[in-house]
Amino acid sequence: MRFGLLGTGPWARLAYGPALLAHPDAELAGVWGRRPQAAADIAERFGGRPYDDVDALLEDCDAVAVALPPDIQAPLAVRAAEAGRHLLLDKPVATTVSGAREIARAAEAAKVASVVFFTLRFWPETAAWLEERKRTGGWQLGRADWLGGILAEGAEPSPFADSPWRREKGGLWDVGPHALSMLLPVLGDVADLDGSVAAVSGAGQTVQLALSHASGASSTCALGLAVAPAASVTRVELRGTAGAAELPEGETDAVAALGHAVDALIASARTGRPHPCDIRFGVRVTEILAAAEARLDGARLTPGRD
């Protein structure tokens with residue numbers, strides 16, 4: 001499958017470029033970015049050639065891999081789908097519900113395959129743990145904590161710390177999708193967006209989510225990008241009739257996980273069978289996060305609050 005890489009930032013250099021270069025069934029046809037020299041540098045390193053015109057790149061590939069901020073990703077993903085190109089997208093697919101739904105409509109109309117990259121969903125050990133929890137069933141409570149410190153004062157330098165969209169949207173939109181990608185497959189969809197999503201903000205730009213699921217289960221998420229390094233944690237815990245289960249700790253290789261996402265996209269394109277992490281799932285994650293953001297905005301705007 002010939003891929004066009006859209007984006008030239010750290011995630012393109014550190015994950016997408018290496019993953020496409022290493023994959024035996026993928027070829028990097030070309031690179032487009034908003035900075036032509038950066039596109040040339042990535043193409044020289046990982047293959048293909050730089051493109052100044054995104055539509056010209058779409059003509060020369062079978063699929064796109066998108067490593068761009070979500071609200072730049074969304075309209076370009078629509079253009080790629082309308083051109084008949086399969087979609088390997090990053091989370092969140094957009095930060096507006098309308099933007100996410102536009103991608104889904106375009107993908108459905110063009111009958112192209114789509115996969116949204118949630119890192120842990122494509123890491124074999126994590127995926128196996130999740131499938132076993134789904135088979136067990138009977139879960140009544142879930143908890144997912146994704147707390148990082150890349151935006152904390154005095155934090156170790158991170159290539160992602162200068163990302164304007166992360167600084168604007170914070171942990172809710174950056175790590176919230178990871179938390180939802182682990183909880184929803186086991187506990188089920190939220191019952192409804194109006195009455196089943198609650199959110200409050202806290203110190204260190206943290207956000208606490210509370211969700212009611214259609215299965216009757218409930219879950220909470222603690223999300224943040226600016227906590228003290230000693231407080232950073234990635235944790236998933238489930239409790240139910242089978243007792244308690246916690247996601248085992250371990251290192252995750254994002255490049256290898258992305259390679260499995262490429263596998264999934266190729267398989268979906270060949271078979272026509274949608275992957276569980278397709279654009280429809282990406283839309284639902286966006287809808288839930290947008291509902292949470294609306295709760296936060298409502299709390300800030302409500303008169304008379306202390």
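The values are calculated or read from the model by the stated rules, or taken from the named source; none is laboratory data. These numbers were taken from a predicted model, which means no experiment stands behind them. Cβ coordinates were reconstructed from backbone atoms using ideal geometry, including for glycine residues, and neighbour counts include every protein chain displayed. Note: areas computed on protein heavy atoms with side chains; ligands, DNA, RNA excluded. Shrake-Rupley method; radii C 1.70, N 1.55, O 1.52, S 1.80 Å.
Within the range 204-270, which strands (runs of 3 or more DSSP E) (wholly inside it) include 3 or more residues that are of a type in the set (Asp, Glu) and not assigned by the TED database to the domain that holds Ala26? Walk me through how you get there before you give the answer.
Numbers: elements: 207-212, 218-224, 233-240, 243-246.
Output list is empty.
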Looking at (1) in a helix (DSSP H, G or I); (2) open to solvent by 10 Å² or more (accessible area, probe 1.4 Å); (3) touching a residue at least 40 places away in the same chain (Cβ under 8 Å), which one does Leu57 not meet, given that it meets all the others? (2)
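Please go through the range 83-97 and give me each residue that is among the hydrophobic types (A, V, I, L, M, F, W, C) and surrounded by fewer than 20 Cβ atoms within 10 Å (Cβ to Cβ), ordered by number. Before you say what the answer is, go through the steps one by one.
Kept after step one, since they are among the hydrophobic types (A, V, I, L, M, F, W, C), are these residues of the range 83-97: 83, 87-89, 93-94, 97.
Result: Ala83, Val97.
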Could you figure out which of (1) over 18 Å from Val233 (Cα atoms); (2) of a type outside the set (Gly, Ala, Ser); (3) touching a residue at least 40 places away in the same chain (Cβ under 8 Å) isn't true of Met182? (1)
With criteria (1) of a type in the set (Lys, Arg); (2) in a strand (DSSP E or B); (3) farther than 24 Å from Ala155 by Cα, Arg280 comes up short on (2)
Does at least one position in the range 127-143 carry a residue that is closer than 27 Å to Pro24 by Cβ and assigned to a loop (DSSP other than H, G, I, E, B)? no
Here the qualifying pairs (Cβ atoms under 8 Å; residues six or more apart or on different chains; first in the range 140-156 and in contact (Cβ under 8 Å) with a residue 24 or more places away in the chain and loosely packed, with under 15 Cβ neighbours inside 10 Å; second not in a loop (DSSP other than H, G, I, E, B) and not β-branched (Val, Ile, Thr)) come out as Leu141/Ser218; Leu141/Ser219; Leu141/Leu238; Leu141/Arg239; Leu141/Gly240; Glu156/Pro229
Specify which of the listed residues (Ala80, Ala65, Ala100) is in a strand (DSSP E or B) and open to solvent by less than 40 Å² (accessible area, probe 1.4 Å). Ala65
Being out of contact with any strand residue (DSSP E or B) (no Cβ under 8 Å at 6 or more places or on another chain) and within 19 Å of Asp189 (Cα to Cα) is the filter here; which residues of the range 138-176 pass it? Trp173
